[in-house]
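**Q** The structure is given below, and queries will be raised subsequently.
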Amino acid sequence: MMKAMFAKFSSGLSVGKSASKDLFDFMACFQLMGEKTPEGEAARKIGFRAADPNGNGLCSLAELETFVLSTLLAKYPKDAKTKVEKGKNLWELFRPSYIKAFTDAKDYKKDDGDVISGTKSATADDFVSKGEFRLFCAYLCIYASMYDAFSKIDGGGEGRGGDDRKIDMAEWMAKDAGYKGVKEHGFIGLASIKDAASAKLVFEAMDDNGGGVLMLDEWCDYLKKKEIEAGTKLGETLNEEEVGGAAAGGGGGGGAAAESGSSSKKGKAAQRPTKVYSSGLIVGADASKELFDFMDLFHPMAEKSPEAEKLREEGFVTADPNGNGLCSLAELETFVLKSLVTKFPKTGKGNAMMEPGKDLFDAFRPCYIRAFTDAKDYEKDTGEKIEGTKKATADDFVSKKEFRLFCAYLCVYAAMFDAFAKVDGGGAGRDASDDRRIDLAEMEKGYKGIGGFGFVAFKDLNTKADATAVFKSIDDNGGGIVLLDEWCLFIKNAEIKAGTTLGAILNEDEAGGVGKEYTLASAKGPSIKVGRVSASKGTPKALAKSKSRDISPGAKSTTSNKSKSSASSKKKGAADDGSKI
């Protein structure tokens, strides 16, 4: 029988037998660097040199993710016999923890707003300094433990199999794999649960938005809050980024006082918590409230769970009023509108009337054609004409099996458009200054506002020089402006090339259909030609050379829907309900 494991850190984290072996193996690489000891300081000096390859004393999220990966690979190299890549597997396993550790650690020191020498506009608050590196390593272990506990419940058992990055009440109350199975992960918010009744109260307290499921951010925020409220050593460490500055005191503050770093940092207003979605979207600080409201309505239909399947059944009935199993763009737009108006009904009368549902529908309408176009290409099309139409085939509609993908793409392209709109016009949101195109001046002014959307394409966007380089890459035709189609295609290709979860989902429409290429339509400017995308050949220039068939905004919505019912069965090669994703 395996010996029970236990680890105690100066940060206040004490992890016991409910934790996974993977967590202990992960923490073994970073625990020492988070300690306030001579040995810890020596380990940090070596670690920071690896994390700061250009020697400027500051580390971006990308640099720190590379540091974590290289550290794990050095500790756990690829096995020559079994070919198992334990280091890489651990890196991927705990990756959701890295951005949380980075965000907390970089906020520790005060920022006077001075532009860093050698950059055009970046300040110290955009990076983790040498003086914050100890906290980063401590937070790596803390958030990895939070995530390990979350994953043990999510999906109903050990490991990440079946996980959808959310916990429902049934998973939370499960006899063998629920709240009882994580009481020794080192958090007072879990250890203090006495019985089923108190467990239900804790679930409701964690479920901050009342959505009936726990997201990772809600989970971490609750555990952090409970440690701080209880005044534990761990709470003091977690509160370091809240109070800021070496003079603030607390258990984790010694690192900044003892080690040299960059200039001081000033406190910032609280940012909106990051949300991690099963589609691979990681949306946080920079996104609009409208985006979260929109996604909270449609992303639950994109999940792979019994609850989500039930939501999709109900949603598809609304989207397919004639019951023939296929939805046109017009039908799907009506479905989106009805869903939003139901969730966010009209209030007031006369001049005081507010229509938040309709406003959200209008705000994100450019996304619907993109979600429709990608989703309808997932299943293979025999090319047979649908009875009762002149030339339409099943590939001109979204089937019931493709409906889950449509809901996922709704959210993905809404996030892309929200980021686009934040730069377009030079300010947050959508207003009269937006013209659905971004010039270089707008990009240089607004690039700081899109890093928190979680897209790989923008993760290293730290300076105006970076923004200029990215702008030129997006502006594939050299026209001096970036259109929404170019923007979306650039983000999509970057995710696919990086091999992210989001990239895999965005590539479903490419791998699914018969390989036909299509054109994403735009209200303004030329179309962007898109074909089968791969990590090596999916560049904008390569795609621009492909042949295309045009899909204009209204082309598919005007086709008669009569006698389409037989077409659904003629699309072949996809799993039921799109569960391949």
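**Q** Could you give the alpha-carbon Rg of segment 362-506 over 2.2 N^0.38 Å, rounded to two decimals?
**A** Compactness ratio reported: 1.17.
**Q** Do any of Lys224/Lys422; Lys100/Lys472; Lys36/Lys75; Lys36/Lys130 go past 24 Å between their Cα atoms, and which?
**A** Lys224/Lys422; Lys100/Lys472
**Q** Something else about it: If you take the beta carbon distance between Asp293 and Lys45 as r and set R0 to 45 Å, what does 1/(1 + (r/R0)^6) give as a FRET efficiency, to the nearest 0.05?
**A** It comes out at approximately 0.45.
**Q** Can you bin segment 289-341 into rounded, prolate or oblate? Criterion: square roots of the alpha carbon gyration tensor eigenvalues sorted a ≥ b ≥ c, rounded for a/c under 1.5, prolate for a/b above b/c, oblate for the rest.
**A** oblate
**Q** Here's a follow-up. How far apart, in nanometres, would the label points at Lys81 and Ala441 be if each is projected 7 angstrom from Cα along the Cα-to-Cβ direction?
**A** 6.7
**Q** Counting other Cβ atoms within 10 Å, which trypsin sites (Lys or Arg not before Pro) in segment 165-216 have at most 13 and lie in a DSSP loop?
**A** Hits after loop and neighbour filter: Lys175, Lys194.
**Q** What is the spin-label model distance, in nm, from Lys304 to Ala28 if the labels are put 7 Å beyond Cα along the C-beta direction?
**A** 3.1
**Q** Here is a further query. Counting only heavy atoms of the protein chains, get the accessible area per residue of segment 187-236 (1.4 Å probe) and round it to a whole Å² value.
**A** Ligands and nucleic acids excluded, the figure is 46 Å² per residue.
**Q** Something else: Can you give the charge dipole size of segment 469-512 about its Cα centre, rounded to the nearest 20 debye, using +1 on the beta carbon of Lys and Arg and -1 on the beta carbon of Asp and Glu?
**A** Computed charge dipole of segment 469-512: roughly 200 debye.
**Q** How would you classify segment 9-78 from its alpha-carbon gyration tensor, with a ≥ b ≥ c the square roots of the eigenvalues: rounded for a/c under 1.5, else prolate if a/b is greater than b/c, otherwise oblate?
**A** The shape class here is oblate.
**Q** What is the gain in length, in nm to one decimal, between Ala197 and Thr468 on full extension, counting 0.36 nm per residue of separation less the C-alpha to C-alpha distance?
**A** Separation in residues times 0.36 nm, less the Cα-Cα distance, equals 92.0 nm.
**Q** What does the extension gain come out to for Thr342 and Ile228, with contour length at 0.36 nm per residue minus their alpha carbon separation?
**A** 37.2 nm
**Q** I would also like to ask the following. Subtracting the Cα-Cα distance from 0.36 nm times the residue separation, let me have the gained length for Lys358 to Ile188 in nm, one decimal.
**A** 56.8 nm
**Q** Treating each Cα of segment 335-408 as an identical point scatterer and ignoring solvent, apply the Debye formula and state log10 I(q)/I(0) at q = 0.12, 0.21, 0.25, 0.27 Å⁻¹.
**A** Each listed q corresponds, in turn, to -0.48, -0.92, -1.09, -1.16.
The values are calculated or read from the model by the stated rules, or taken from the named source; none is laboratory data. Keep in mind it's a predicted model, so treat the numbers as computed, not measured. With ideal geometry, Cβ positions are generated from the backbone for all residues, glycine too; neighbour counts draw on all protein chains shown. When the accessible area is computed, the model is the full protein with side chains, heavy atoms only, and any ligands, DNA or RNA have been set aside. Shrake-Rupley method; radii C 1.70, N 1.55, O 1.52, S 1.80 Å.
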